[in-house]
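All of the numbers you see were taken from the coordinates with simple rules; none came from a lab. All values reported here derive from a predicted model rather than from experimental measurement. Reconstructed Cβ throughout: ideal geometry from the backbone, glycine too, with neighbour counts over all protein chains shown.
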Amino acid sequence: MALIRCKDCGKEISDKAEACPYCGCPVIKESKAKVTFNFAVGLAAIIAAPLIFLLWNNIASLFLAPVFLILGIICVVDASKNSKKF
């Protein structure tokens, strides 16, 4: 059992609790499916970045490829941080 902070009152509560025993604020838990989806989207964006640059060879690809790469990295890092909760 790990202790987490309530997002409303800030007191330490169990991560297994459905709601804070002090203020009643519900504890929101991210589902494993959402983490898996974020990881898959991030990985697809990282793979798509060089493909956009190589296959769509114009000025727009110079802007889109880095955007896809950055968003992909953000999704993968977020998914890996949230996967440690399970």
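Restricting attention to the chain, lysine pairs at least eight places apart or on different chains and with alpha-carbon atoms under 17 angstrom apart total 16.
In a fully extended conformation the segment linking Ile28 and Val67 would gain 11.0 nm over its present Cα-Cα distance, using 0.36 nm per residue.
Considering the chain at the alpha-carbon level, its Rg and Dmax are found to be 18.9, 58 Å.
For the chain, a crude dipole built from +1 on the beta carbon of Lys and Arg and -1 on the beta carbon of Asp and Glu, taken about the Cα centre, is about 200 debye to the nearest 20.
Quick one: net charge of Cys75's neighbours, Cβ under 12 Å, K/R +1, D/E -1?
On the way: positive: Lys34, Lys81; negative: Asp78.
Spelling it out: positives minus negatives among the neighbours equals +1.
Fully extending the segment from Ala17 to Trp56 would add 9.0 nm, taking 0.36 nm per residue of separation and subtracting the current Cα-Cα distance. In terms of packing, defined here as the mean over residues of other Cβ atoms within 10 angstrom, the peptides 11-17, 56-62 line up highest first as 11-17, 56-62.
Go ahead and run the numbers for FRET between Ile4 and Ala44, Cβ-Cβ distance against an R0 of 41 Å, rounding to 0.05.
Working: r = 31 Å, r/R0 = 0.76.
The formula returns an efficiency of 0.85 here.
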